[in-house]
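Shown next, in structure tokens, is the structure this report addresses.
The values are calculated or read from the model by the stated rules, or taken from the named source; none is laboratory data. For clarity, every value in this text was computed on a predicted model and none was experimentally measured. Cβ sites come from the backbone with ideal geometry, for glycine too, and all protein chains shown count toward neighbours.
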Amino acid sequence: ILNVEQSPQSLHVQEGDSTNFTCSFPSSNFYALHWYRWETAKSPEALFVMTLNGDEKKKGRISATLNTKEGYSYLYIKGSQPEDSATYLCASGGSNYKLTFGKGTLLTVNP
Amino acid sequence: EAQVTQNPRYLITVTGKKLTVTCSQNMNHEYMSWYRQDPGLGLRQIYYSMNVEVTDKGDVPEGYKVSRKEKRNFPLILESPSPNQTSLYFCASSLRASGRAGSYEQYFGPGTRLTVT
């Protein structure tokens, strides 16, 4: 994988559902994986930064895991709420000091 | 309040008229970066700066210039804007660049929506 890829592109869930989405990234020269939450008409805000294989991070109902050997990260949202509606971006940082972003997963939570 | 500010927030200009978008952060961050956001393409890095007087090209640097004379400021310069530079631009900063020493979350400015006619 040369680019950072996110799936699905978009997702509609009902309030109360739990959901997850995937970020795939190049496993060579990997240093870090970032997750950002981007609400419409606002700026992206950091959720997690993970560096070690097997890392798991949690913030409230949102959690993330990291597998650097196979090059993927999962973001989980438990009991989705309408205010969770946003685009979720992941970004991979390598040895070149750059951060490469995926195209995002647009989550819509219906009340 | 810790923040990244950008000015202007909205700009409509004509082809060839030089413009500068300012970016300033008050968090004493070493690393600063410019991105553009286009539908279906995601955030793409234009230029980044590891520290004062140290800048480097990102993935889409053509048609842009930057400078980092002071730690807090990182202006984006379009010497001769063209319609394909119509986009939403974000400035971001982090404590340091991601690398062997660790990785740091980026703080984004509010964005500048640029239209070049």
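Within the range A:10-49, the set of residues being more than 14 Å from A:Gly104 (Cβ to Cβ) and under 11 Å from the mean Cα position of the chain (by Cα) comprises A:Asn20, A:Leu33, A:Ala46, A:Phe48, A:Val49.
In the set (1) buried (at least 16 other Cβ atoms within 10 Å of the Cβ); (2) farther than 15 Å from A:Gly102 by Cα, A:Val4 fails one condition alone, (2).
From the list A:Thr22, A:Thr87, A:Thr65, pick out the single residue that is part of a strand (DSSP E or B), within 14 Å of chain B (Cβ to nearest Cβ) and modelled with pLDDT of 95 or more. Only one candidate qualifies: A:Thr87.
Taking the criterion of being touching an Asp or Glu at 6+ places or on another chain (Cβ under 8 Å), more than 10 Å from chain A (Cβ to nearest Cβ) and either among the polar types (S, T, N, Q) or under 13 Å from B:Gln25 (Cα atoms) (or both), the residues of the range B:77-117 that qualify are B:Ser87, B:Leu95.
Quick check on the range A:51-102: of everything there that is crowded, with 19+ Cβ neighbours inside 10 Å and out of contact with any Phe, Trp or Tyr (no Cβ under 9 Å at 6 or more places or on another chain), which residue is farthest from B:Leu41 (Cα to Cα)? Among residues in the range A:51-102 that are crowded, with 19+ Cβ neighbours inside 10 Å and out of contact with any Phe, Trp or Tyr (no Cβ under 9 Å at 6 or more places or on another chain), the one farthest from B:Leu41 (Cα to Cα) is A:Ser80. Would you say B:Glu30 is away from chain A (no Cβ under 14 Å) and either surrounded by 14 or more Cβ atoms within 10 Å (Cβ to Cβ) or over 13 Å from B:Phe108 (Cα atoms) (or both)? No, not satisfied.
Rundown of residues vs (1) over 26 Å from B:Pro110 (Cα atoms); (2) without any contact (Cβ under 8 Å) to a residue 12 or more places away in the chain; (3) of a type in the set (D, E, K, R), yes/no style:
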| site | (1), (2), (3) |
| --- | --- |
| A:Asn20 | yes, no, no |
| A:Phe25 | yes, no, no |
| A:Leu33 | no, no, no |
| A:Ala41 | no, yes, no |
| A:Asn53 | yes, no, no |
| A:Thr68 | yes, no, no |
| A:Lys78 | yes, no, yes |
| A:Asp84 | no, no, yes |
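Can you tell which of B:Arg113, B:Arg68, B:Arg96 is surrounded by 14 or more Cβ atoms within 10 Å (Cβ to Cβ) and part of a strand (DSSP E or B)?
B:Arg113
Hey, does the range B:43-61 have a residue that's farther than 25 Å from A:His34 by Cα and within 13 Å of another protein chain (Cβ to nearest Cβ)? Checked the range B:43-61: no residue is farther than 25 Å from A:His34 by Cα and within 13 Å of another protein chain (Cβ to nearest Cβ).
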